[in-house]
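The values are calculated or read from the model by the stated rules, or taken from the named source; none is laboratory data. Remember, it's a predicted structure, so these values are computed and weren't measured experimentally. Every residue, glycine as well, gets a Cβ built from its backbone with ideal geometry; the counts of neighbours run over all protein chains shown.
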Amino acid sequence: MPTFTFKAMDAQGQEIEDVIEAQTQDEAQATIRQMGYFVTKIAVQKSEQSGSAATANQRRKTFAVSGAGGKTMVRFTRQLSILQDAGLPILRSLKILEGQSKPGALKNSLIDVCDEIESGATLSEAMAKSPKAFDRLYVNMIKAGEAGGSLEVILRRLAEFKERTQSLKNKIVGAMIYPVMVVLFTVSILTFIMLYIIPEFKKMFEEFEMTLPAITELLIELSNKIAKYWFMIPLIPMSIIIFIMLVRKFKAGRYGWDLAMLKIPVMGKLVEKSNLSRTQRTLGALVASGVPILESLAITRETSGNSVYEKVFLKVTDSIREGETIARPMRIYAKTSFHPVALFFWVAVGAVPPLSILLIKPEFTEVAFYGSGALGVILGLFYLMKMNTPCVEELVINMIDVGEETGELDVMLYKVADYYEEEVNTLTEGMIKMIEPLLIIFLGLTILFIVAALFLPLVKMISGLAGGS
């Protein structure tokens, strides 16, 4: 029979610490209450048997590099919510879900959580020790549910929150699949043409000793460079990605990159609206669950995923500590200002591509430098014109203001999140419709360039042969 250690208060308010044998923890608590004591803490007494059980649980764990994925956590949260609604004890629910989970970070975390609960920890305390699966938002909402005695309601709300967040993420990722696949396919076809088709035309032109137009010379030179440096095709985008990742390692670099992204036409609006939808839904879920407002803002800041919004929520938090509301400081700090790293990214996007002409044809030095300078200045001026645009729209601030006045802040935050989620859907559909013709235009211009470069000397050659006959 298991032995339980417990702490309790007697009728005089004196603390008592003792052990008791019982079949289950509920039976042990009932026996202690019959003795006239009020239980404050109870846990299974650790023994060699429990130690061997813990060792067996550790052996069941598998190696996991990353944390639990978003889809995995959505499914787990919904299933846990259903089991709790059905009235099952939390430990049994967790063991059922652990048993059916695939090897990975979530299964490992559930094993640890079950061990902690069997040792007397609460659900939130156990989850807090497994950050690979349960982040700070998750733990605090569970903690609020335990404190309010409404764990089933909180789990249901958490499941809905996770599902909506994952759905929004899936829509954005899905919208990017089509253009990425088209670009990769286009690059592959063009590389094949440059490596195998253009060299054959080059041999033919050399046999006839023709004087080639500038456009044909540029195409042949491009083919030669690609044949010689083909490994640069994947290396260049990889280098750009690594450079951006290194810049983002620094606080100023991360803020500058996130700010630069927000100023991109169409794409910047998509980033802004998706961030507003996610942050307002997060804050609304925490407030509705009873998490203190300062803690809610801190968690929202950490989970925003964008340093521009992190700064806004940090300033709002500091202002609330001084007695302010949420709306007023948010209106003040939502306006972004000049940042040198953001300007660098905008100028680089305009200046670097024209300079790549020098790698193909060094003789075009003047054209490359003039083009680089002009595009760099144009995009730099565009950023300077957009740098003071607020990252939080007035609608959000007004809705928060109304929510604070009426005492229904969580309701207003949910409405804002729903509105911006619809905006993201509309913007995503519009962006896909816009990308399709742009890709067609790009492909058309590329094909026109290749056809013109090859057929101009062919027409000249055919004309010469006809005149000679």
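Would you confirm whether or not region 103-115 contains a residue that is surrounded by fewer than 16 Cβ atoms within 10 Å (Cβ to Cβ) and in contact with an Asp or Glu (Cβ under 8 Å, 6 or more places away or on another chain)?
So the first thing to find is which residues in region 103-115 are surrounded by fewer than 16 Cβ atoms within 10 Å (Cβ to Cβ), and the list is 103.
Within this subset, residues satisfying the condition of being in contact with an Asp or Glu (Cβ under 8 Å, 6 or more places away or on another chain) are none.
Within region 103-115 (the criterion being surrounded by fewer than 16 Cβ atoms within 10 Å (Cβ to Cβ) and in contact with an Asp or Glu (Cβ under 8 Å, 6 or more places away or on another chain)), the answer is no, since none of the residues qualifies.
Assess whether Lys433 counts as being basic (Lys, Arg), assigned to a helix (DSSP H, G or I), within 34 Å of the chain's Cα centre (by Cα) and over 30 Å from Ile189 (Cβ atoms). Talk me through it step by step, then tell me what you get.
Details: basic (Lys, Arg): yes; assigned to a helix (DSSP H, G or I): yes; within 34 Å of the chain's Cα centre (by Cα): yes; over 30 Å from Ile189 (Cβ atoms): no.
So Lys433 fails the test.
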Q. Here are some conditions: (1) assigned to a helix (DSSP H, G or I); (2) touching a residue at least 24 places away in the same chain (Cβ under 8 Å); (3) more than 28 Å from Thr279 (Cβ to Cβ); (4) not small (Gly, Ala, Ser). Pro103 meets all but one. Which one does it not meet?
A. (1)
Q | Ile432 vs. criteria assigned by TED's automatic domain parsing to the domain that holds Leu218, of a type in the set (Val, Ile, Thr), closer than 26 Å to Val392 by Cα and surrounded by 12 or more Cβ atoms within 10 Å (Cβ to Cβ) | A | yes
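Restricting to region 183-216, give me the number of residues that are in contact (Cβ under 8 Å) with a residue 12 or more places away in the chain and of a type outside the set (A, V, I, L, M, F, W, C).
First pass over region 183-216, keeping only residues in contact (Cβ under 8 Å) with a residue 12 or more places away in the chain: 183, 186-187, 190-191, 193-195, 198-199, 201-202, 205, 208, 210, 212-213, 215-216.
Next cut, of a type outside the set (A, V, I, L, M, F, W, C) only: 186, 191, 199, 202, 213, 216.
Matching residues across region 183-216 total 6.
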Q: Tell me, please, whether a residue that is small (Gly, Ala, Ser) and assigned by TED's automatic domain parsing to the domain that holds Lys269 can be found in region 393-416.
A: yes
Q: Could you tell me whether any residue of region 151-159 is in contact (Cβ under 8 Å) with a residue 24 or more places away in the chain and more than 22 Å from Ile82 (Cβ to Cβ)?
A: no
Q.
Going by what's in this entry, would Glu209 be described as surrounded by 13 or more Cβ atoms within 10 Å (Cβ to Cβ), acidic (Asp, Glu) and in the same structural domain as Leu443 (by TED's automatic domain parsing)?
A. no
Q.
For region 19-39, give me each residue that is buried (at least 17 other Cβ atoms within 10 Å of the Cβ), under 47 Å from the mean Cα position of the chain (by Cα) and at pLDDT 75 or above.
A. Ala28, Gln29
Q) Can you find even one residue in region 176-188 that is at pLDDT 80 or above, among the aromatic types (Phe, Trp, Tyr) and in the same structural domain as Leu286 (by TED's automatic domain parsing)? A) yes
Q: Taking the residues in region 212-230 that are loosely packed, with under 13 Cβ neighbours inside 10 Å and in a helix (DSSP H, G or I) as candidates, determine which candidate is nearest to the chain's Cα centre (by Cα).
A: Lys228
Q.
Return the residues of region 255-286 that are over 19 Å from the mean Cα position of the chain (by Cα) and either at pLDDT 90 or above or surrounded by fewer than 22 Cβ atoms within 10 Å (Cβ to Cβ) (or both); say none if nothing qualifies.
A. Pro265
**Q.** Within region 303-336, tally of residues that are in contact with a helix residue (DSSP H, G or I) (Cβ under 9 Å, 6 or more places away or on another chain), assigned to a loop (DSSP other than H, G, I, E, B) and of a type in the set (Gly, Ala, Ser)
**A.** 3
Q.
Restricting to region 382-407, count the residues that are free of Cβ contacts under 8 Å to residues at least 24 places away in the same chain and crowded, with 16+ Cβ neighbours inside 10 Å.
A. 2
